[in-house]
Amino acid sequence: MRHSYMWAGFLVLISAVPAQAQGQAPFGVTMGSQISKYPTCEKTELAGWYKCDSLPRSHAGFEFYSIQAHPKIGVCFVKGVGNDIKRDARGVMTRAAIKKLAEQIEQTYGPHDRTRDELSSRSTLKNPEDWMAAVEKDERTFSYDWTRGNYPNDIDSIHVFARATSGETGYAVVEFYFKNDKQCDDELDKEAF
C-alpha cells in the first residue's frame, strides 16, 4: 500500500513538471548540448555544421536534419528538411504540409506571429500553376514565423517555410534558432579568419 501512495505521488510530481523539463526540445535537441550527444550527425564541409540522419525525436515528415554547433558553446541551431512532395506545381500539398507543421509547433511554442505568402514584384511566375516554380527561383516566400523570442526550450525564433527542388517538387523546412545562436555565429566567424 505504501508503494502505491509513493507511485501516485511520483505521477503527480511528473505531471507538474513543465513540458520543457520533460524533453520537449525540438527533435530532442537542447541548446548548448555537445554534438557528440547526437551519434548520427556527421561533420559537413562548413565549419560548425553537421548533417544528421536522425535525432532523439525524429519526425516522419523529415528526410534529414542539420545542426550548427561550436565546441565551447554547443548546439545553437537545428533544422529539419522535409521529404519531397512531388507533382505539386500549384503548391497545394506543400502548403498543407507546412500548415500542419506550424499547427504542431504551436502546441509547444504558442501562435506564430507572422505568416508570409509573398510573390516578388519582379516575378513573371504569377499563374497558380507557377507557384512551386516561383519558390524554386526564390521569387516566392511562404512561411510561418515565431520571432518574438522567449519561447520554451531556450528557443529565440522558429521558421517553417517552403523550398523546392523543381517547379513540380517542394518540401517543408523548419528552423529552430536557440538563444545562443548569435554567440555561436560570432565564435565560428572568429575561427574562420
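The values are calculated or read from the model by the stated rules, or taken from the named source; none is laboratory data. Quick caveat: nothing in here was measured; it's all calculated off a predicted structure. FYI the Cβ positions are ideal-geometry reconstructions off the backbone, even for glycines, and counts take in every protein chain you see. Ligands, DNA and RNA are excluded from the accessible area calculation, which covers all protein heavy atoms including side chains. Shrake-Rupley method; radii C 1.70, N 1.55, O 1.52, S 1.80 Å.
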Eligible lysines near residue 179 by straight Cα distance, threshold 28 Å, same-chain separation 8 or greater:
37, 43, 51, 72, 79, 99, 100, 190
In terms of Cα to Cα distance under 14 Å, which aspartates and glutamates are near enough to residue 182, apart from those fewer than 8 places away along the same chain?
154, 156
So what is the relative contact order for the chain, in percent, with contacts set as C-alpha pairs under 8 Å and at least six apart?
21
Would the range 88-193 count as rounded, prolate or oblate if I go by the C-alpha gyration tensor, calling it rounded below 1.5 in a/c and otherwise prolate when a/b exceeds b/c, oblate otherwise?
oblate
What whole-number value in Å² describes the accessible area per residue of the range 108-189 for a 1.4 Å probe?
49
Most mobile listed residue (82, 74, 149) in the chain, GNM with C-alpha springs under 10 Å:
149
Could you order 64, 27 by accessible surface area, starting with the largest, using a probe radius of 1.4 Å?
64, 27
Mean Cβ-within-10 Å packing, highest first, puts peptides 158-169, 104-115 in the order 158-169, 104-115
So which trypsin sites (Lys or Arg not before Pro) in the range 55-111 pass both tests, a DSSP loop state and at most 11 other Cβ atoms within 10 Å of the Cβ?
72, 87
Full-extension gain between residue 37 and residue 189, please, as 0.36 nm times their residue separation minus the C-alpha to C-alpha distance.
52.3 nm
Local net charge near residue 97, Cβ-Cβ under 14 Å (Lys/Arg +1, Asp/Glu -1):
+3
